[in-house]
Amino acid sequence: MNDRLTYQEKKELPDSVFGLPERREYPMPDAAHVRAAEAYFRYCPEELKPKLAKAILTKAKEFGVDVESPVVLSYAGE
C-alpha cells in the first residue's frame with residue numbers, strides 16, 4: 001500500500017480528511033495515511049499537536065487502526 005499522494009490527488013481531497021484542515025496537512029483518507037500521520041506527528045508544530053493528535057485518533061477509529069504512539073495519545077489526552 002502506498003502512503004504517498006500525488007499533488008493532484010491531495011488537491012482533490014476534501015478538507016475533512018486532513019488532520020490539520022486549515023493548513024491541508026496530514027491527509028488521512030485511509031488506514032495507511034493514518035499510520036503515516038502518526039509516524040510524522042513529531043514534525044507538527046507544537047501548538048497544533050493536540051488538534052492533530054485528536055484528529056489522528058478520530059480517523060484511526062474510523063479505519064480500525066490501533067494508535068500505539070504514547071506521544072500522540074498523551075497529546076490527545078488519552
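What to note about this one:
- Some residue of segment 20-29 being without any contact (Cβ under 8 Å) to a residue 12 or more places away in the chain, within 12 Å of the chain's Cα centre (by Cα) and loosely packed, with under 15 Cβ neighbours inside 10 Å: no
- Flag for Y40 being in contact with a helix residue (DSSP H, G or I) (Cβ under 6 Å, 6 or more places away or on another chain), open to solvent by 50 Å² or more (accessible area, probe 1.4 Å) and not polar (S, T, N, Q): no
- Residues being crowded, with 17+ Cβ neighbours inside 10 Å and assigned to a helix (DSSP H, G or I) - total across segment 52-74: 8
- The set of residues in segment 47-73 that are of a type in the set (D, E) and at pLDDT 95 or above comprises E47, E62, D66.
- Residue match in segment 1-13 (condition: in contact (Cβ under 8 Å) with a residue 12 or more places away in the chain, surrounded by 14 or more Cβ atoms within 10 Å (Cβ to Cβ), in contact with a helix residue (DSSP H, G or I) (Cβ under 6 Å, 6 or more places away or on another chain) and not basic (K, R)): yes
- Filter pass, L73 being under 20 Å from L13 (Cα atoms) and of a type in the set (A, V, I, L, M, F, W, C): no
The values are calculated or read from the model by the stated rules, or taken from the named source; none is laboratory data. This one's a predicted model, so the numbers in the text were calculated from it and none came from an experiment. Neighbour counts are summed over all protein chains in view; Cβ atoms, including those assigned to glycine, are modelled from backbone coordinates with ideal geometry. Accessible surface areas use protein heavy atoms only, side chains included; no ligands, DNA or RNA. Shrake-Rupley method; radii C 1.70, N 1.55, O 1.52, S 1.80 Å.
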